[in-house]
Amino acid sequence: MNSVENRFKQYNIPAYALKLLDKKRIQKPTDIQERLIPSAINGKDVIGQSQTGSGKTLAYLLPILSRIDTSKAELQAVITAPTRELAGQIFGVLKELIDEDETSSVRAKQVSGGTERSRVMEQLRNPPHIIVATPGRLKDMVGENVINVHTATMLVIDEADQMLDMGFLEEIDPVAGKMADNLQMMVFSATVPESLQPFLRKYMNNPKHVHVKPEHATPKEMTHYGIALRHRSRLDVTMELVDRLQPFLAIIFASTKDEADELAGEMFKKQYPVEVLHGGLPSRQRKQVMKRIQNLEVQYLVATDLAARGMDIPGISHIINYSLPKELEYFIHRTGRAGRAGLTGESYTLMGEEDRKAVLSLQKQGIRFTFMDFRKGAWTELSKPLFATKQTKRKPAPASDAMPVKKPKKVKPGYKKKAMADQTTSRRRKRK
Ligand code: AMP
């Protein structure tokens with residue numbers, strides 16, 4: 001069917017999995033897959049420092065599938081993720097792989113909060129080879145001897161930094177301690193903070209650590225706009241901005257749950273098709289939000305960093321930073337989420353005086369902002385950076401050299417082109 005040789009054939013992965021990859025036209029390993037799959041297939045401990053969109057899920061699922069021994073009816077691999085949604089997403093990919101044809105006799109189950117306990121017990125009577133789980137539920141089930149992890153030789157910890165933040169590693173710890181001595185641990189995380197090290201050292205043996213920088217994961221350069229607030233409220237500027245952008249799907253990042261709730265509330269009052277996603281929401285509600293996004297009923301998603309992380313949200317055309325994250329590394333993760341699948345990659349960051357330090361620091365890290373003033377629906381590009389660095393102050397350059405003055409870019413995002421426009425229209429109609 002495909003004239004192109006599937007480059008995943010070079011790895012020792014099962015034929016049924018290859019068949020699905022072919023069907024989905026996944027033929028060329030991504031950076032992280034290329035660098036981790038060979039080691040992972042050989043049973044080595046691995047750390048994949050990468051984010052959603054890098055192809056990390058297949059980077060661990062394919063090696064796991066190639067190492068499962070289906071002649072043994074026992075649990076061999078446990079995959080953990082911090083949220084039910086993410087666990088569901090991973091389980092979905094896994095099921096697709098193993099259900100592709102009848103030659104696969106791998107059995108997998110999902111164990112996360114929300115599923116009735118008695119049902120889970122019933123389902124686990126015949127032990128699956130692979131379990132995808134959230135930490136709390138996993139720990140309970142292991143504690144109650146519903147799940148026997150002694151036979152498990154592979155453990156994946158996805159979004160490990162988020163697990164750490166949410167205190168979930170403490171729940172995984174006793175479970176990992178019960179697993180087989182020759183445990184292979186595979187850890188995936190957008191950041192690997194120092195505070196994660198004790199856990200990694202405890203369970204990992206000379207791991208192969210691969211760091212895929214976000215820029216490699218995003219298909220093309222982002223354009224970063226810095227929007228001067230000039231004492232106007234963030235809310236007012238955001239409203240003006242979104243009216244002008246008319247995004248296909250914009251994620252508006254807030255730094256706290258309260259800020260997210262407040263902004264979403266205001267937008268909702270003004271009848272924007274908006275949803276909010278943060279860790280304080282019950283998981284049922286988060287699930288509903290994801291469903292609405294998938295059904296193209298949402299045009300604006302107000303989210304906190306932790307809630308949006310790890311979720312594979314398709315079709316994001318714009319990222320708006322209502323406020324900057326406390327940890328600036330999140331800026332890269334936020335903005336890396338737009339611009340996939342041929343959509344424009346544009347980020348808009350609201351900037352007030354209080355953001356001076358953060359903005360200068362981002363610029364130092366190589367983020368090149370195009371600074372704009374945005375008033376009453378009209379854009380003007382600033383002829384020099386919003387915040388002067390020390391160097392420019394010490395040695396002022398002639399105005400004409402201060403910064404190349406680009407002509408104001410016509411802000412007419414490309415997402416309006418192609419089929420997206422139709423989809424947007426149909427979605428709006430649907431809303432009414
Ligand atoms: P992940 O980083 O695992 O969340 O994957 C992000 C998306 O990339 C998913 O929709 C995958 O189906 C897709 N993907 C994963 N690996 C590849 C690949 N080698 N080529 C093309 N798409 C891929």
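The values are calculated or read from the model by the stated rules, or taken from the named source; none is laboratory data. A quick note: this is a predicted structure, and the numbers were derived from the prediction, not measured. A quick note on method: Cβ atoms are made from the backbone with ideal geometry, for glycine too, and the neighbour counts reach across all protein chains shown. Each accessible area value is taken on the protein alone, full model and side chains, heavy atoms only, with ligands, DNA and RNA left out. Shrake-Rupley method; radii C 1.70, N 1.55, O 1.52, S 1.80 Å.
The residues of region 12-34 that are open to solvent by 50 Å² or more (accessible area, probe 1.4 Å), more than 16 Å from I64 (Cα to Cα) and in a helix (DSSP H, G or I), listed by number, are K19, K23, D31. Listed by first and then second residue, the pairs linking a residue in region 50-64 that is over 16 Å from I332 (Cβ atoms) to a residue that is within 6 Å of the ligand (Cβ to nearest atom) and among the hydroxyl-bearing types (S, T, Y), with Cβ atoms under 7 Å apart and 6 or more places separating them unless they lie on different chains, are G55/T30. Inclusion of D158 among residues that are open to solvent by 50 Å² or more (accessible area, probe 1.4 Å) and in contact with a Leu (Cβ under 9 Å, 6 or more places away or on another chain) is not warranted.
Between L241, L235, the distinction of being outside the structural domain of Q76 (by TED's automatic domain parsing), open to solvent by 20 Å² or more (accessible area, probe 1.4 Å) and outside any loop (DSSP other than H, G, I, E, B) belongs to L235 only. When region 245-278 is filtered for residues that are surrounded by 17 or more Cβ atoms within 10 Å (Cβ to Cβ) and β-branched (V, I, T), the ones remaining, listed by number, are I251, I252, V274, V276. Reported count of residues in region 172-195, each being within 16 Å of L155 (Cα to Cα), in contact (Cβ under 8 Å) with a residue 12 or more places away in the chain and not in a loop (DSSP other than H, G, I, E, B), is 12. Please determine whether any residue of region 75-84 is in contact with a Ser or Thr (Cβ under 6 Å, 6 or more places away or on another chain), farther than 25 Å from A190 by Cα and aliphatic (A, V, I, L, M). Yes, the conditions are met somewhere in region 75-84. Against the condition open to solvent by less than 10 Å² (accessible area, probe 1.4 Å) and either away from the ligand (no atom under 12 Å from the Cβ) or touching a His at 6+ places or on another chain (Cβ under 6 Å) (or both), how does A40 come out, does it pass? For A40, the condition - open to solvent by less than 10 Å² (accessible area, probe 1.4 Å) and either away from the ligand (no atom under 12 Å from the Cβ) or touching a His at 6+ places or on another chain (Cβ under 6 Å) (or both) - is met. Filtered by the rule that a residue be modelled with pLDDT of 90 or more, more than 25 Å from K213 (Cβ to Cβ) and either in a loop (DSSP other than H, G, I, E, B) or within 12 Å of the ligand (Cβ to nearest atom) (or both), region 1-11 gives a lone residue, N6. Restricting T30, T52 to those that are within 10 Å of the ligand (Cβ to nearest atom) and touching an Asp or Glu at 6+ places or on another chain (Cβ under 6 Å) reduces the list to T52. Is it the case, given these coordinates, that H209 is within 24 Å of G43 (Cα to Cα) and either outside the structural domain of R375 (by TED's automatic domain parsing) or touching a residue at least 60 places away in the same chain (Cβ under 8 Å) (or both)? For H209, the condition - within 24 Å of G43 (Cα to Cα) and either outside the structural domain of R375 (by TED's automatic domain parsing) or touching a residue at least 60 places away in the same chain (Cβ under 8 Å) (or both) - is met. For the criterion of being touching a residue at least 12 places away in the same chain (Cβ under 8 Å) and either in the same structural domain as S50 (by TED's automatic domain parsing) or assigned to a loop (DSSP other than H, G, I, E, B) (or both), G226 fails. Against the numbered list (1) more than 20 Å from Q123 (Cβ to Cβ); (2) surrounded by fewer than 24 Cβ atoms within 10 Å (Cβ to Cβ); (3) more than 13 Å from the chain's Cα centre (by Cα); (4) within 16 Å of the ligand (Cβ to nearest atom), A59 comes up short only at (2).
Scanning region 64-86 for residues that are within 15 Å of I131 (Cα to Cα), away from the ligand (no atom under 13 Å from the Cβ) and not in a loop (DSSP other than H, G, I, E, B) yields I64, L65, R67, A77, V78, T80, R84.
The criterion of at least 1 residues that are free of Cβ contacts under 8 Å to residues at least 60 places away in the same chain, of a type in the set (K, R) and away from the ligand (no atom under 16 Å from the Cβ) is met by the following helices (runs of 4 or more DSSP H) wholly inside region 249-318: 257-269, 283-294.
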